[in-house]
1. Using Cα-Cα distances under 8 Å and only pairs 6 or more residues apart, what relative contact order does the chain have, in percent?
2. Assigning unit charges at the beta carbon (Lys, Arg +1; Asp, Glu -1) and nothing else, what dipole magnitude in debye, to the nearest 20, does the chain show about its Cα centre?
3. Based on C-alpha coordinates, I'd like the Rg and Dmax of the chain, in Å.
4. Full extension from Thr105 to Ser71: what is 0.36 nm times the residue separation minus their Cα-Cα distance, to one decimal in nm?
5. Of the residues Leu45, Leu86, Leu18, which exhibits the maximal mean-square fluctuation in a Gaussian network model of the chain defined by a 10 Å Cα contact cut-off?
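Computed from the coordinates by the stated procedures, all read-outs in this text should not be read as laboratory data. Just so it is clear, the model here is predicted, and its values are computed rather than measured. Every residue, glycine among them, receives a Cβ derived from its backbone with ideal geometry; neighbour counts consider all protein chains shown.
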Amino acid sequence: EVQLVESGGGLVQPGGSLRLSCAASGFTFSSYAMSWVRQAPGKGLEWVSALSSGGGYLNYADSVKGRFTISRDNAKNTLYLQMNSLNFEDTAVYYCAKSVYGTVTVTDYWGQGTQVTVSS
């Protein structure tokens, strides 16, 4: 079965950095686009970033553009999100999500999420 397991979250000071990882299994990872989505406390879901199966297409929400970098290592079946210059508004549970085959924006599986807390 499809499994997506996020890791790398934690407590970080404003201006700090974290790298999130998403270990994927149960499908041919290299054939599918992937995304990161987040949910801040008491807020709705916010799409963060997407990456095509081969890594050639990337896109970011305006709120994270220039600070976050999405990447993937298809040999390791792992998706990453490098987060720099973190601020309080980045506090959220971060989820990785698998896209439906042949799409980027339509997702069908999400992980359980990893908590990122930005606090001084």
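1. On the way: 309 pairs, mean separation 43.1, N = 120.
So the answer I get is 36 percent.
2. Details: 8 positive and 8 negative charges, 36 e Å.
With only Lys, Arg, Asp and Glu charged at Cβ, the dipole is about 180 debye.
3. 13.3, 42
4. Numbers: separation 34, 0.36 × 34 = 12.24 nm, distance 1.64 nm.
Extending this stretch completely gives an extra 10.6 nm.
5. It is Leu45.
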